[in-house]
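Before we start, here is the structure in question, set down as structure tokens.
The values are calculated or read from the model by the stated rules, or taken from the named source; none is laboratory data. Model, not experiment: these values are computed from the prediction. Quick reminder, even Gly has a Cβ in these numbers, built from the backbone with ideal geometry, and neighbours come from all protein chains shown. Note: areas computed on protein heavy atoms with side chains; ligands, DNA, RNA excluded. Shrake-Rupley method; radii C 1.70, N 1.55, O 1.52, S 1.80 Å.
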Amino acid sequence: MTTEVGSETEVKKDSEQLGPDKANDNPEEASETPENQKSGEASSEEAQDSSSVPAPTSQSSPSSQKKEKASPESKGISRFLPPWLKKQKSYTLTEPKDEAKKRTTGKEQVIEESECQTAEGVAQPKKSLEEAAAENQHNVKADDKEEKHSVSSAETQPAKEDGKGTEVEKVAEEKEEKQEEKEKETKEVQTAEIKTENIPQKSPRKIKTVQCKVMLLDGTEYSCDLEKRAKGQVLFDKVCEHLNLLEKDYFGLLFYENSEQKNWLDSSKEIKRQIRSLPWIFTFNVKFYPPDPSQLTEDITRYFLCLQLRQDIASGRLPCSFVTHALLGSYTLQAELGDHDPEEHRSDYISEFQFAPNQTQEMEEKVAELHKTHRGLTPAQADSQFLENAKRLSMYGVDLHHAKDSEGVDIMLGVCANGLLIYKDRLRINRFAWPKILKISYKRSNFYIKVRPAELEQFESTIGFKLPNHRAAKRLWKVCVEHHTFFRLVSPEQPPKAKFLTLGSKFRYSGRTQAQTRQASNLIDRPAPYFERTSSKRVSRSLDG
């Protein structure tokens, strides 16, 4: 059974007209209202004037006009009350089921509105007629079920319903908090997506390259582009690959800090940390002169060693006698020009070559005379004979460093395969073999060696030398470490493990030793590589000689 519900003004007018006839028309309801008023006063004394008692859920009154009168009042005023001030109203009356079926739609609407107010604690706006009718049917069924379980006591019911109200309010608050959290999450996701869209995609980093130039032993230049953070081993391998060189452990790359200070490129470190200036210019040189060149496996290795020795002789780093200059020069001519031919090789053909720093006409004549005796030697055999005579020189493979002794006298410290040599005015005045040296060290610009005691001595002795600066002392110390490791040890030492507050340098030679190189050379199995021999550095001679 459904009826239309009027507006608030119409209901109020009806309630004013029906006000004086309440007691006469409905005696049952007159007995019910005091109880409702008592329950209303018990639930909230402060809100007596501001709110009216909602209609009970029980079906005690058959009249719908009084229920319509009560519902708009409670609905309109309760909207202005905060949620914590409102409490569930108790319904203490129980009625038979037959009277519940006679309720009008006006009463159903009142019940629905009162339940919404008590359950949600917030006044809702007016509903349309169609929505109210659909929800009234559902609420009537719910009210019937609740009335079956209602309690007749007026004291116990309010407490239970108050507890339910607080629980319902908590649930509603939790739902609101969850909704707010979801909204925040969706906003964060949206903002994150917007940020990711706004961030431009990073393009792959462009690799910075540096051009390297390497001067080779035959006078040619090799250039390549390297990554700026490349290590020295990368460049060294490229140069050896370009030269088709396998026995590469005897060689290295040099760079000059200035006209006098030269450094060997460390293959285990980045190039940019060793060389400070651009462009990167290096020279390919022999680093470890083999004591016995005949043990080299390939001809190309001996050829590059010959080129290095020719430069050392021509520049004066490797001093020779007159006879040695002439002999080595004759082997150079045989390797580069072949057998002597009187028609092609006239008297002035030797002047195009430089065999010594101070080359004279007499020396050239001696070289030409010896060249005629080498008929039949191949270039490879001529190189072998050249090396056999060069290795006997006293300064062969000696790396010289300027220093001063304890008395301040200028000397030269030479490092070679056999040990440490001391020269004064180009004459060797002392020699310390590697087995005799116990320790080498440096501190600031001072270089120290600790020597084993002699036969008649009981204590070790330490000898100190003064070098031009700290970098020169460190350079000499590193050269000594590398030569001792390469020629004396079977395998290189491992660098010391990092300890807390360790003193001293951790530098160690990281390449292969001579023993390891010889083992690797014995495993080379390839045909002799072809290479073009280039003429030695030729100089122009003046007419007056």
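Excluding ligands and nucleic acids, what accessible area in Å² is computed for C224 using a 1.4 Å probe, to the nearest 10?
Looks like 20 Å² after rounding.
A further question on this structure: In Å, what is the Rg of the alpha-carbon atoms in segment 293-391, and how long is Dmax?
12.8, 38
Distance from the Cα centre of segment 467-490 to that of segment 300-344, in angstrom?
Cα centroid of segment 467-490 versus Cα centroid of segment 300-344: 30 Å apart.
Right, something else. Hey, if we sort R428, R310, R392, R452 by accessible area with the 1.4 Å probe, largest down, what's the order?
The residues order as R392, R428, R452, R310, largest area first.
Heavy atoms of the protein only, probe of 1.4 Å, neighbouring chains included. What is the accessible area of I275 in Å², nearest 10?
Number for this one is 20 Å².
From largest accessible area down, sort V323, V409, V286; use a 1.4 Å probe on the protein chains.
Greatest to least solvent exposure: V323, V409, V286.
Turning to a different aspect of this structure: From largest accessible area down, sort L523, L413; use a 1.4 Å probe on the protein chains.
The ranking, largest first, comes out as L523, L413.
Considering only protein heavy atoms, what is the solvent-accessible area of S321 at a probe of 1.4 Å, reported in Å² to the nearest 10?
That residue has around 60 Å² of solvent-accessible surface.
Quick one: if you stick a label point 7 Å off each Cα along the C-beta vector at E174 and H242, how many nm between them?
Result: 7.8 nm between the two label points.
Averaging sequence separations of C-alpha pairs under 8 Å and six or more residues apart, then dividing by the length of segment 293-391, give the relative contact order as a whole percent.
Details: 98 pairs, mean separation 44.8, N = 99.
Computed over segment 293-391, the figure is 45 percent.
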